[in-house]
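First up is the structure itself, then whatever we jot down about it.
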Amino acid sequence: MRQIRLSFLCVVLYVSGIYAQDNNTSATGVQTAEAVKSDDNRFEVSKQLDIFNALIKEVEIFYVDTVDIKKTLRRGIDAMLKGLDPYTEYIPEDEMEQFKFITTGEYGGIGAYIRYREGGTVITEPFEGMPAAEAGLKAGDMIVAVDTVDAKGLSSDKVSELLKGIPNTKMTVKVQRPGEKKDRKFDLVRRQVIVDQVTHYGVYDNNTGYIYLKSFTDKSAQEVKNAFTEMKKNHQIGSLILDLRDNGGGILEGAVQIVNLFVPKGKEVLTMKGKVSQWDRTYRTYNEPVDTVIPVAVLINGASASASEIVSGALQDMDRAVLVGQRSFGKGLVQSTRNLPYEGKLKVTTNKYYIPSGRCIQQLDYSHRNVDGSVATIPDSLTSVFYTENGRMVRNGGGIRPDFEIEEEKMPTMLYYLYADKDYILFDYVTNWVNKHKTIPPAEDFVYSDEDYESFKKHLIEKNFEYDRQSGKALDALKEVAEFEGFMDEDSALFIALEEKLKPNLERDLERYKKVIKTLISSEIVKRYYYQRGEIKHNLRDDNTFQKALDILKDRDLYDKALKPSPEEKAAFYRPSKSAVKQSIDLFFDYRLYDIDYIIA
């Protein structure tokens, strides 16, 4: 035992010696390997910048055609940063307004989504309660002019610049409405547009509160708090569902504040660790909570990422909520912004975060790519076990696994092509449908009829709607391989039969996927009348994950049992094996001595 302690002390003293001389030399005055590596890196940076500078000059002078240097360099910058991870990016001055909108949810304008289509820019969605909607602009309106500026043929970015501006300034927008020959004029006053992140909240099953949060900005936590306290005060709710599905994250501080609503002051929510130790930080709850006992269910899916995973993962680790849905995205990385010349910024991955159990839920290892450049996921077999406060087993890597997993209905590729269709076939159909129906029932009661669906099928067939099928592409690739390897001659009949079976058949597929297509059309119609709030209320009616959460919260025994460890988990938690002890020691050294391995992975 004394020998083990002595060895451990020697390791600590050795590490202390490494950093005793400002990270440049050891206690004996010999330059460390890290210092040598740092010097080599600085030389390499200087060398590569000289090469890059010379290369740009040569291309600009001698390339056969005129080179747009700004666009060329932007492509190079984007490709370079993309090679690190998808979240490290350059934000030039002309994109700062959009970046600000992402972090604050605010900008000066009319409050609408717009999109370019052949012939001009159309309004795709006015925001509820904002100038565009209040003035009477509708989805489908094509913007013809803004004040005296002709907007026909302008890109959506240019039109956006015309529509945005200082709040309280007046403007006139001329639009061409589908089905009408004469243009319409609308007088609007720009406003500070604030997009609510709590899109909808309400009470279901008499006493269960529901909050849908679509993103994390600097105001999200306050919006969640307001909705929660209002339902507690006016409806005496006895349980809560927090819906974080399709929430891609946002500001980290907002996630900490939302966790703080449900857990005591002083609880650790996450720890950030990265290459620059000065930026390492532990976030704790610092306010008094609103409610620490009300049963909570958090809904997540594969598009719940980043700050959504901090909230859901922290509440799971603290045994404060049950999680329902599908495994989350798995983004355990944190980005910070750095100022650049000419008013630009670099958003760069600086840390990994670790939630209260000590686990990091990052799924993709960007620092160790495959030969072809692709990024591999961390297989479940290589993940490690961690424990919640009660002793339940949870795992790192691969996102947050819900306590109650609900199988998500698989969406056919046809649905994607309908939604993203460049010819606007679905969009125009919904526009025409809405023009023929002045009103519809309340969002939660609206039903899109089979008769209307038959008219939609006819509409698609008349428009010669085309869509891609991944199975057909896979078959073509298989045929190429089979032909190369000499199997086509003897098995060609099998390929022909399979090809016939996989051939796109519009009428057949419209009937095969009738249920999901009707759901999509129905949601789009409801959104035209009741905006995003109504769309969510409408979709909850047939939402299996939402219904499961309601059932769990109604069954207090089931809820309590879900938050308690099984006998096997309890035994492992309170009596760790030798291998578990060894793993803890290994983790100590990993975190303390080799943080460099955890920066951009």
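Are any of the residues in the range 209-222 over 21 Å from the mean Cα position of the chain (by Cα) and either farther than 30 Å from Arg541 by Cβ or open to solvent by 70 Å² or more (accessible area, probe 1.4 Å) (or both)? Scanning the range 209-222 turns up no residue that is over 21 Å from the mean Cα position of the chain (by Cα) and either farther than 30 Å from Arg541 by Cβ or open to solvent by 70 Å² or more (accessible area, probe 1.4 Å) (or both). Screening the range 90-111 for residues that are part of a strand (DSSP E or B) and open to solvent by 20 Å² or more (accessible area, probe 1.4 Å) and picking the one that is farthest from Val173 (Cα to Cα) gives Tyr90. Quick check on Asp428: is it at pLDDT 85 or above and closer than 21 Å to Asn539 by Cβ? For Asp428, the condition - at pLDDT 85 or above and closer than 21 Å to Asn539 by Cβ - is not met.
Among the residues of the range 537-555, those identified as part of a helix (DSSP H, G or I) and in contact (Cβ under 8 Å) with a residue 40 or more places away in the chain are Lys537, His538, Leu540, Asn544, Thr545, Phe546, Lys548, Ala549, Leu550, Ile552, Leu553, Lys554. Would you confirm whether or not the range 398-413 contains a residue that is among the hydroxyl-bearing types (Ser, Thr, Tyr), surrounded by 19 or more Cβ atoms within 10 Å (Cβ to Cβ) and either out of contact with any His (no Cβ under 9 Å at 6 or more places or on another chain) or part of a loop (DSSP other than H, G, I, E, B) (or both)? No, every residue in the range 398-413 fails to be among the hydroxyl-bearing types (Ser, Thr, Tyr), surrounded by 19 or more Cβ atoms within 10 Å (Cβ to Cβ) and either out of contact with any His (no Cβ under 9 Å at 6 or more places or on another chain) or part of a loop (DSSP other than H, G, I, E, B) (or both).
Do we find that Ala151 is within 18 Å of Tyr530 (Cβ to Cβ), open to solvent by less than 50 Å² (accessible area, probe 1.4 Å) and touching a helix residue (DSSP H, G or I) at 6+ places or on another chain (Cβ under 8 Å) in this structure? No. Once the range 295-354 is narrowed to residues that are assigned to a loop (DSSP other than H, G, I, E, B) and over 21 Å from Ala221 (Cα atoms), the residue that is least open to solvent (accessible area, probe 1.4 Å) is Gly330. Screening Ile300 on (1) of a type in the set (Val, Ile, Thr); (2) over 17 Å from Pro402 (Cβ atoms); (3) in contact with a strand residue (DSSP E or B) (Cβ under 9 Å, 6 or more places away or on another chain) shows it passes everything except condition (2).
So that you can scan it fast, the table gives a plain yes or no per residue for (1) out of contact with any strand residue (DSSP E or B) (no Cβ under 6 Å at 6 or more places or on another chain); (2) touching a residue at least 12 places away in the same chain (Cβ under 8 Å); (3) assigned to a loop (DSSP other than H, G, I, E, B):
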| position | (1), (2), (3) |
| --- | --- |
| Ser46 | yes, no, no |
| Ile51 | yes, no, no |
| Ile56 | yes, yes, no |
| Glu60 | yes, no, no |
| Asp65 | yes, no, yes |
| Tyr113 | no, yes, no |
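Answer yes or no as to whether Asn287 is part of a strand (DSSP E or B) and either open to solvent by 20 Å² or more (accessible area, probe 1.4 Å) or in contact (Cβ under 8 Å) with a residue 12 or more places away in the chain (or both). Spelling it out, it is not the case that Asn287 is part of a strand (DSSP E or B) and either open to solvent by 20 Å² or more (accessible area, probe 1.4 Å) or in contact (Cβ under 8 Å) with a residue 12 or more places away in the chain (or both). Confirm whether Lys265 is part of a helix (DSSP H, G or I), out of contact with any His (no Cβ under 6 Å at 6 or more places or on another chain), of a type in the set (Lys, Arg) and over 30 Å from Ala145 (Cβ atoms). Taking the combined requirement at face value, the residue does not satisfy it.
You will find that of Pro126, Pro167, Pro131, Pro178, the residue that is surrounded by 18 or more Cβ atoms within 10 Å (Cβ to Cβ) and over 30 Å from Ile300 (Cβ atoms) is Pro131 and no other. Among the strands (runs of 3 or more DSSP E) confined to the range 138-198, the ones with at least 2 residues that are more than 27 Å from Tyr424 (Cβ to Cβ) and modelled with pLDDT under 95 are located at 191-194. With respect to (1) over 23 Å from Gly105 (Cβ atoms); (2) without any contact (Cβ under 8 Å) to a residue 12 or more places away in the chain, the lone exception for Glu161 is condition (1).
Within the range 376-392, if we keep just the residues that are at pLDDT 85 or above and β-branched (Val, Ile, Thr), the residue that is surrounded by the most Cβ atoms within 10 Å (Cβ to Cβ) turns out to be Thr388. What about Gln236, is it free of Cβ contacts under 8 Å to residues at least 12 places away in the same chain and surrounded by fewer than 16 Cβ atoms within 10 Å (Cβ to Cβ)? Against the criterion (free of Cβ contacts under 8 Å to residues at least 12 places away in the same chain and surrounded by fewer than 16 Cβ atoms within 10 Å (Cβ to Cβ)), Gln236 does not qualify. Only residues that are at pLDDT below 95, in a helix (DSSP H, G or I) and in contact with a Phe, Trp or Tyr (Cβ under 9 Å, 6 or more places away or on another chain) were counted in the range 556-584, giving 3.
Output yes when any residue across the range 410-421 is under 16 Å from Glu524 (Cα atoms) and of a type in the set (Gly, Ala, Ser), and no when none is. Yes, the range 410-421 has at least one match.
Return yes when Ile294 is among the aliphatic types (A, V, I, L, M) and touching a helix residue (DSSP H, G or I) at 6+ places or on another chain (Cβ under 7 Å) and no when it is not. For Ile294, the condition - among the aliphatic types (A, V, I, L, M) and touching a helix residue (DSSP H, G or I) at 6+ places or on another chain (Cβ under 7 Å) - is not met. If you go through the range 134-148 and keep only what is open to solvent by less than 40 Å² (accessible area, probe 1.4 Å) and either of a type in the set (Gly, Ala, Ser) or out of contact with any Gly (no Cβ under 8 Å at 6 or more places or on another chain) (or both), you end up with Ala135, Gly136, Leu137, Ala139, Gly140, Asp141, Ala145, Val146. Annotation note: of Asp450, Asp403, the sole residue that is modelled with pLDDT of 95 or more and touching a helix residue (DSSP H, G or I) at 6+ places or on another chain (Cβ under 7 Å) is Asp403.
The values are calculated or read from the model by the stated rules, or taken from the named source; none is laboratory data. Since the structure is predicted, the reported quantities are computational estimates derived from the model, not experimental observations. Here the Cβ is made from the backbone with ideal geometry for all residues, glycine too, and neighbour counts use every protein chain on show. When the accessible area is computed, the model is the full protein with side chains, heavy atoms only, and any ligands, DNA or RNA have been set aside. Shrake-Rupley method; radii C 1.70, N 1.55, O 1.52, S 1.80 Å.
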